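Remarks on the structure that follows.
Read-outs throughout are calculated quantities, based only on the coordinates presented, and are distinct from any laboratory measurement. Values in this document were obtained by computation on a predicted structure and should not be read as measured data. Methodologically, a virtual Cβ is constructed for each residue, glycine included, from the backbone with ideal geometry; neighbour enumeration extends over all protein chains shown.
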Amino acid sequence: MIGATTRAAKLGPESGSDESDVSTLVARLTSEVNEIACGKTKSIQKITSQMKILALNALIESARAGKQGAGFAIVAQEVRNVGAQIEEIARDLESQLTRRTGELIHTIDTMSERSRGDRLVDLSLNAVELIDRNLYERTCDVRWWATDSAVVDCAAAPSPQAVAHVSERLAVILGAYTVYLDLWLCSLDGKVIANGRPERFDVVGSSVAGCAWFEQARRLHSGDDYVAGDIERMPQLGNATVATYCASVRSQGRRDGAPIGILAIHFDWEPQARAIVEGVRLDPHDKARVLLLDSNYRVIAASDGQGLLEERLALRISGQRRGTYRDSSGALVGFHLTPGYETYRGLGWYGAIISRGQ
């Protein structure tokens, strides 16, 4: 499962790099054309300046020659006039070329910025979609396993034999689904009745009544409903970072049966999320940081491993589901709100990428 997730995370738009290369090439060529044109017009101005000096000298010499030099003086004056006209044309040409190539370079820079921004937005969407598809499967898992006969029987009558049996059953599930740290069967008053890894996590008999996910799970209306908890560090699981999903265990495993317990499954968040954010394919020149943010803009996954559950990104969404902007440091930021997946509406999370490259 994690292998498939990792491969999927590396799928992303690659044309952005080609577009960036083309934009860079066009901008460089335009700048070179501008330099060449300005250089040539300056050469013309230099030559016309020499012509004007020669014409002036010719006028001086014709004046010394008197009447014999009168005709030559007319020619010298015309040469001087032509030189002045050429100089004016050269100056105008330089001005127009500089302005037009400047506009072209600005347009190319704007298009390149927009292309980079769009690519960051697309990759942000790709990252948050991948995690939501993964978490959609978790919502299916918990609702399905809550109807398992061993789970239902133990919730209804938690005898030592029933607890041992359900613990074995949960262990089998954990052996097949390696993305979970542990599975807990809880009573409606918040006591952990059984778990799948009792040898590793001594939680049976402890209370989870104060946990937000448990209190939400007690209010579920049917077996079709579920709770998706916030990303948190769980002391009972060695302070591991988990995403907890819950469903109500109901009488006879029926979706409309009376609630008799709560099944909580603890998704091993950190390695799964890290595989996604580290798998986003970006050019090294982007110097990018890939993030997953919760609805309060708290960092819940980061490609550099920094700020987990502690940093809050000052994401400027301006009421938009997606977008780009330059932050105060000049970095280009692209973001996208989760669209959800199938029946999983998502939790208002964002994918975000901060690029400090040129």
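Modelled spin labels at residue 93 and residue 206, positioned 7 Å past Cα toward Cβ, are 8.3 nm from each other.
You can think of it this way: the chain between residue 53 and residue 328 has 93.5 nm of extra reach, that is 0.36 nm per residue less the Cα-Cα gap.
Couplings 3J(HN,Hα) for the stretch 221-238, derived from phi with the Karplus relation 6.51 cos²θ - 1.76 cosθ + 1.60 (θ = phi - 60°), are 8, 7, x, 7, 8, 8, 10, 10, x, 5, 5, 8, 8, 9, x, 5, 10, x Hz, where x marks Gly and Pro.
Applying a 10 Å radius around every beta-carbon, put 215-224, 273-282 in order of their mean neighbour count, most first. Before the final figure, lay out the partial values.
Details: 215-224: 15.5, 273-282: 20.2.
Those peptides, ordered most packed to least, come out 273-282, 215-224.
Each Lys and Arg contributes +1 and each Asp and Glu -1, all at the Cβ; summed about the Cα centre of the chain, the dipole is approximately 1060 debye.
How large is the convex hull of the Cα atoms of the stretch 141-271 per residue, expressed in Å³ as a whole number? The partial results should precede the final answer.
Details: hull volume 11.9 nm³, N = 131.
In the stretch 141-271, the Cα convex hull volume per residue is 91 Å³.
Over every pair of different alpha-carbon atoms in the stretch 92-144, take the mean of 1/r and invert it; report that Kirkwood radius in Å. Present the calculation step by step, with values, prior to reporting the outcome.
Details: mean 1/r = 0.0680 Å⁻¹.
Answer for the stretch 92-144: a Kirkwood hydrodynamic radius of 14.7 Å.
A cut-off of 5 Å between modelled amide H atoms, ignoring neighbours fewer than 5 places along the same chain, links residue 240 with 234. Across the stretch 309-323, coupling constants 3J(HN,Hα) worked out from phi with the 6.51/-1.76/1.60 Karplus curve, θ = phi - 60°, read 6, 10, 7, 10, 7, 7, 6, 9, 8, 6, x, 9, 7, 8, x Hz, and Gly and Pro carry x. Taking Kirkwood radius over Cα pairs in Å as calculated from this structure, the corresponding entry among (i) 20.5; (ii) 25.4; (iii) 22.7 is (ii).
Taking the charge dipole of the chain about its Cα centre, with +1 at Lys and Arg Cβ atoms and -1 at Asp and Glu Cβ atoms, the residue from 120, 206, 305 reaching farthest to the positive side is 120.
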